[in-house]
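Input: a single structure, listed below in structure tokens.
The values are calculated or read from the model by the stated rules, or taken from the named source; none is laboratory data. As the structure is a computational prediction, the values presented were derived from the model and not from experiment. Using ideal geometry, Cβ is built from the backbone for each residue, glycine included, and neighbour counts are taken over all protein chains shown. Side chains included, ligands, DNA and RNA excluded: accessible areas come from the protein's heavy atoms. Shrake-Rupley method; radii C 1.70, N 1.55, O 1.52, S 1.80 Å.
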Amino acid sequence: MTGTLARVTARILERRHVTRSGVTRISLVAAVGAAVWFSRADPVGAVAGSALLGLILCLDAVRDRMRAHRRDALTLWTVSMVAQLREYVVYVGLAFGAAAAGFSSAWGWAAGALIALALRDALLVARSAPPAPSNPKPLALPSQRRPEGLRLPEPRVPRPRKPSGAAGEAATETATRARPVADGAEAVGPAGPVADLSLVGLARLAMAFDQPTRFLVIAVATVAFDARIAFLSLVVGCVVAITGELVGTSSRESRP
């Protein structure tokens, strides 16, 4: 139901010429509003700020279902930078709210949460980077290259024709069904990627402690407790994410 509503909203915005970058900038404005409400340090501000965090997550869902500018480099850079900036803005609002409530260590908790988040992001980026080649070829300068003799062109080998019609579709479908899904890869269905909604998949999603999970933790902690508990929960969540990534990587490397 949520996916259908987000898809319909995305089509309406596209017809009104709203781009993915525009939706991202709207989410930044919502993050500024959430920070202002969190700085009030009262139950009304906590509820209003949490509602704006929910609006940000809805805008992200709508943006992900927009079809235009999916591979545009500038759009991807804008989305990445704004996603980090809006979270920092929310942290600043929480720190102001905690300081207004009389907690002298509010900025220390905010700095700890930012450091834990930076360590978590750095580790995940480093783990997801492709490995360097084991035997890189040295770069030879043009003056160091030896002249080679003339080579005759290799004879062309005719390529086998692809089966056409129903036979080709049947062969493609058989190959697709027989292809195994890699470990950790996302299963892809006819309508796009299929989300893993099992308990294991949800546990892995929570262990990754991505931005939607962090916003949910902030919303629950500020409404039920205060900004100090929100910062403490963020630090603990980032530590759990780092530990889970290290343990998962070491277990994969120890497999024969």
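Annotations for the structure displayed:
- With the whole protein complex present, Ser80 retains an accessible surface near 60 Å², based on a 1.4 Å probe.
- Along the axis of the charge dipole computed for the stretch 44-100 (Cβ charges of +1 for Lys and Arg, -1 for Asp and Glu, origin at the Cα centre), the listed residues Val44, Leu55, Ala73 are led at the positive end by Ala73.
- Descending by average beta-carbon neighbour count within 10 Å, the peptides 100-109, 34-43 line up as 34-43, 100-109, the highest first.
- Distance between modelled label sites at Leu123 and Asp72, nm, 7 Å Cα→Cβ extension: 3.6 nm
- Computed accessible area, Val125, all protein chains, 1.4 angstrom probe, square angstrom: 100 Å²
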